[in-house]
Amino acid sequence: MISDIKTLLRNTWVRLCAMLMIVAVTATGLAATAPAAHAAEVGDPAATKGKTYKIGTDTTFAPFEYQEKGRMVGIDMELIRSIAKKEGFKIEIQSLGFNAALQALSSNQVDVVIAGMSITDERKATYDFSNPYFQSGIQMAVAANNDDIKSYKDLKGRTVVAKTGSEGETYAKEHAKEYGYTVTSVDQSSTMYEMVKSGNAVAVFDDYPVLAYGVSQNNGLKIVTPKVPHGEYGMAVNKGRNADLLAAIDDGLSQLISSGEYETIIAKYLGADGAKEQVKAISGMVTDNGATETAKVKVGFLGLARQSLPALMIGLKNTLLITVISFVIALILGVAFGLMRVGENRIVSGISKVYVAIFRGTPILVWAFFFYFGVPQLIGHSVNIWVAGALTLSLNSGAYLAEIVRGAIQAVDPGQMEGARSLGLNRRQSMARVILPQASKIAMPSVINQLVIMIKDSSLLLAIGFGELLYQAQQLYAANFRVTETLLLVGVIYFVAITILTWLANIVDRKVNR
Amino acid sequence: MSENNVKRMMLDDDMAGGAGADDVVIEVKNLHKSYGNAEVIKGVDLTVHRGEVICIIGPSGAGKSTLLRCLNGLERATSGHIVVNGHDLNDPKVNIDKVREQVGMVFQHFNLFNNMSVIDNITLAPRLVHKESETQAREHAMQLLETVGLAEKADAMPRSLSGGQKQRVAIARSLAMHPMVMLFDEATSALDPEMVGDVLEVIRELAREGMTMVLVTHEMGFAREVATRVIFTDAGVIEEEGTPDQIFNHPRSERLKAFLSKVL
């Protein structure tokens, strides 16, 4: 008997190790085939004539790109449309979001990314940039009704927010130590502004003129620091992959500048003075895509893993911690609402039905946003991200657990209840001593399943800037652009963590339900 | 006891003065029971006196089991009165749990608690409901297991027992609550033939000790042997009742004659 179990365990481990090895080999293969940086070649603008190119861009980064009447407009959009017209190629715009657009570029789903992206040395290791088309700057804004924060000095001990992978984030992180604040990063501009309005962050660092444009659209913020020039924007193609398109863009851009069309476009969004300033700033600027190639040597997969693991382990810790906290609450909710549902009181049972219907019928993200951004604006007091996250996960999972508990109770032979009641035990005693011990045995596999689902669902909390595993991965590949390999690493970590947790849960199950 | 009597007298003054009034355990008057549109009991009157052993026989679907389950409130009567030991089951003030303490029930499928050992099955209710001490409940349970011949199975789990053993444990479990009447709902129907004898022997012993019992049964030979009164039900009514001799040897109604010709 014992040797049987040992064999079984050994087989399970052998299989697990084999799977991990396959994953590792695949990963090494991927790393080997990843494009190596090579010298920029000179492209032929004429070769783009008549071709169609896919343009990846952000969802909302006004005034560079945003939707108006279902059409993408903004400085970036008008520039690329004008360039395409000048050079005679066609474009197809895909509004993907900043990070997703870069991922799409890396995997050749789009040909070029135009998303108010700053030209940085890190990015040059992976992409080739066009000549600069805009000089950006960093500004800080606070909630319109906040009179306490007037400069960086007032940020001591506070939290500020920036957009993942943006210049604002880089700038904020560069100065975090100096002024003693912490930086939270989120994926969407709108999320960033909600963080400030709900009091979850006191200030936002963002690019000029994006912030200025938002304020002019009454986004509830006000700008409190002057613009600090911080890099230039360029359009990016995969390194060494699209030299013709890049050449066409550079050629088109210089035509637009010399014809005055560039100034007209910028003036439409930033006014005449802003446009003149930009023309002066970028005229004659050339991007040297070869400049940093020797500085940045790409590390292999194992090197990447070594660099990434500290941050990913913090993410894993947060993922596991919020899952455990939320799961305990969800279990209590699930048992309570499950019992209410099978009770004899129609009203109480109805309450349980409504609870399950609401939380099973709405997406987790809606509740995450509601608890983190909505509730603070209702109660006038910020909500801790752990509280918002745990509420979201536990209320959602509680609804599913309530159904599992109800199902398990109903799966116990009705004769058991009749046997108990006919002996004079009341309903509560019968439930506690006879029905629930048997129901818990029936429910356990589904409960463990729900735990596993919750671990994975917790990654949705990255949308409100909760520092869980996938969030940490996003932070990493926003800086190193090793999207596929980082995600692979995250996948393996999730897999191992879930396998171990399932194994532990099964041991508990066996101990409790002999 | 005297309090119960007073209560019962107040509820049933129309039957006061009857010869056996003082030892009435269960009184059923004009009982109707419907499931949706289907009426399965169509006006049944029944009085169970102390020490009686009543066997209810009849074809399937006659409402025998439903009648029995109404007697301890497992089914609610659609109309009519059921008075158990002076407690009217229709009275919202009557605590049904208190009534059930006094009415033992043995089921066709035993309904032993699967999550506890034999001894725990027996001691659970005495400890929870009668607040008996662990040792007291255990001692009594062991005596009962002794009488049903299963003392060595005290620590076994129900799933390891045969059907006949399970049913004897179930009887011991009911007896542990010192009931004043025992209800048997086809107690041997789910058993293999060779197991039936052991269970019937236990019931026979109870009858000898004077336990008041109502049994729904298909064991005609057994009914003839232990019953003080046999009730033949068909299509939701009591078609005929009498002594075993009257019912089995001198049936009057055509339906009873037809039924007996099939089962004997």
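The values are calculated or read from the model by the stated rules, or taken from the named source; none is laboratory data. Everything numeric in this text was worked out from a predicted model, so none of it was measured. With ideal geometry, Cβ positions are generated from the backbone for all residues, glycine too; neighbour counts draw on all protein chains shown. Keep in mind that these areas ignore ligands, DNA and RNA; they rest on the heavy atoms of the full protein, side chains included. Shrake-Rupley method; radii C 1.70, N 1.55, O 1.52, S 1.80 Å.
Here region A:43-73 is the region considered, the condition is being open to solvent by 30 Å² or more (accessible area, probe 1.4 Å) and hydrophobic (A, V, I, L, M, F, W, C), and the residue that is farthest from A:Gln109 (Cα to Cα) is A:Ala46. Within region A:424-438, if we keep just the residues that are at the interface with another protein chain (Cβ under 7 Å from one of its Cβ atoms) and open to solvent by 10 Å² or more (accessible area, probe 1.4 Å), the residue that is farthest from the chain's Cα centre (by Cα) turns out to be A:Asn426. Would you check if A:Leu476 is touching a residue at least 60 places away in the same chain (Cβ under 8 Å) and either in a helix (DSSP H, G or I) or surrounded by fewer than 21 Cβ atoms within 10 Å (Cβ to Cβ) (or both)? So A:Leu476 passes the test. Scanning region A:495-514 for residues that are open to solvent by 30 Å² or more (accessible area, probe 1.4 Å) and either under 15 Å from A:Asn318 (Cα atoms) or among the hydrophobic types (A, V, I, L, M, F, W, C) (or both) returns A:Phe495, A:Val496, A:Ile500, A:Leu501, A:Trp503, A:Leu504, A:Ile507, A:Val508, A:Val512. Report yes if A:Val356 is more than 21 Å from the chain's Cα centre (by Cα), within 14 Å of chain B (Cβ to nearest Cβ) and either modelled with pLDDT of 95 or more or over 18 Å from A:Lys197 (Cα atoms) (or both), otherwise no. In short, no. Across region B:73-100, the number of residues qualifying as within 13 Å of another protein chain (Cβ to nearest Cβ) and among the hydroxyl-bearing types (Ser, Thr, Tyr) comes to 0. State whether the residues of region A:352-365 include one that is surrounded by fewer than 19 Cβ atoms within 10 Å (Cβ to Cβ), assigned by TED's automatic domain parsing to the domain that holds A:Ser458 and closer than 21 Å to A:Ile435 by Cβ. Within region A:352-365 (the criterion being surrounded by fewer than 19 Cβ atoms within 10 Å (Cβ to Cβ), assigned by TED's automatic domain parsing to the domain that holds A:Ser458 and closer than 21 Å to A:Ile435 by Cβ), the answer is yes, since at least one residue qualifies. Filtered by the rule that a residue be β-branched (Val, Ile, Thr) and surrounded by 15 or more Cβ atoms within 10 Å (Cβ to Cβ), region A:254-278 gives A:Ile257, A:Ile265, A:Ile266. The residues in region A:92-137 that are among the β-branched types (Val, Ile, Thr) and open to solvent by 10 Å² or more (accessible area, probe 1.4 Å) can be counted, and the count is 4. Check whether at least one residue in region A:377-395 is within 14 Å of another protein chain (Cβ to nearest Cβ) and either open to solvent by 20 Å² or more (accessible area, probe 1.4 Å) or of a type in the set (Gly, Ala, Ser) (or both), and report yes or no. Looking for residues that are within 14 Å of another protein chain (Cβ to nearest Cβ) and either open to solvent by 20 Å² or more (accessible area, probe 1.4 Å) or of a type in the set (Gly, Ala, Ser) (or both), one finds none in region A:377-395, hence no. In region A:335-348, is there at least one residue being closer than 18 Å to A:Ala388 by Cα, assigned by TED's automatic domain parsing to the domain that holds A:Thr499 and touching a residue at least 40 places away in the same chain (Cβ under 8 Å)? Among the residues of region A:335-348, not one is closer than 18 Å to A:Ala388 by Cα, assigned by TED's automatic domain parsing to the domain that holds A:Thr499 and touching a residue at least 40 places away in the same chain (Cβ under 8 Å), which makes the answer no. Flag: A:Glu122 matches the condition of being assigned to a helix (DSSP H, G or I) and under 27 Å from A:Ser459 (Cα atoms).
Within 14 Å of chain A (Cβ to nearest Cβ) and open to solvent by less than 40 Å² (accessible area, probe 1.4 Å) - does that describe any residue in region B:193-214? The answer is yes, given that some residue of region B:193-214 is within 14 Å of chain A (Cβ to nearest Cβ) and open to solvent by less than 40 Å² (accessible area, probe 1.4 Å). Evaluating A:Lys441 against the criteria (1) open to solvent by 10 Å² or more (accessible area, probe 1.4 Å); (2) more than 10 Å from chain B (Cβ to nearest Cβ) leaves one unmet condition, (2). When region B:250-264 is filtered for residues that are open to solvent by 80 Å² or more (accessible area, probe 1.4 Å) and either among the basic types (Lys, Arg) or outside any loop (DSSP other than H, G, I, E, B) (or both), the ones remaining, listed by number, are B:Arg252, B:Glu254, B:Arg255, B:Lys257, B:Ser261, B:Lys262. Quick check: anything in region A:289-297 surrounded by fewer than 15 Cβ atoms within 10 Å (Cβ to Cβ) and within 30 Å of A:Lys49 (Cα to Cα)? Yes.
Evaluation of B:Arg127 against the conditions (1) open to solvent by less than 40 Å² (accessible area, probe 1.4 Å); (2) within 12 Å of chain A (Cβ to nearest Cβ); (3) without any contact (Cβ under 8 Å) to a residue 24 or more places away in the chain shows that the sole unmet condition is (1). Quick one: which residue in B:Ala176, B:Ala227 is among the aliphatic types (A, V, I, L, M), within 17 Å of B:Glu52 (Cβ to Cβ) and at pLDDT 90 or above? Unique residue meeting the criteria: B:Ala227. The set of residues in region B:160-192 being within 12 Å of chain A (Cβ to nearest Cβ) and farther than 25 Å from B:His130 by Cβ consists of B:Ala190 alone. The set of residues from region A:211-269 being closer than 18 Å to A:Ile75 by Cα and free of Cβ contacts under 8 Å to residues at least 60 places away in the same chain comprises A:Ser216, A:Ile257, A:Ser258, A:Ser259, A:Gly260, A:Glu263, A:Thr264, A:Ala267.
Within region B:132-153, the residues that satisfy the criterion of being part of a loop (DSSP other than H, G, I, E, B) and surrounded by fewer than 18 Cβ atoms within 10 Å (Cβ to Cβ) are B:Ser133, B:Gly149.
Restricted to helices (runs of 4 or more DSSP H) entirely inside region A:138-234, those with at least 3 residues that are open to solvent by less than 40 Å² (accessible area, probe 1.4 Å) are A:167-174, A:189-197, A:210-216. Here region A:405-423 is the region considered, the condition is being more than 14 Å from chain B (Cβ to nearest Cβ) and surrounded by fewer than 21 Cβ atoms within 10 Å (Cβ to Cβ), and the residue that is nearest to B:Pro126 (Cα to Cα) is A:Gln410.
The set of residues in region A:367-389 that are in contact (Cβ under 8 Å) with a residue 40 or more places away in the chain and under 18 Å from the mean Cα position of the chain (by Cα) comprises A:Ala368, A:Phe369, A:Tyr372, A:Phe373, A:Ile385, A:Trp386, A:Ala388, A:Gly389.
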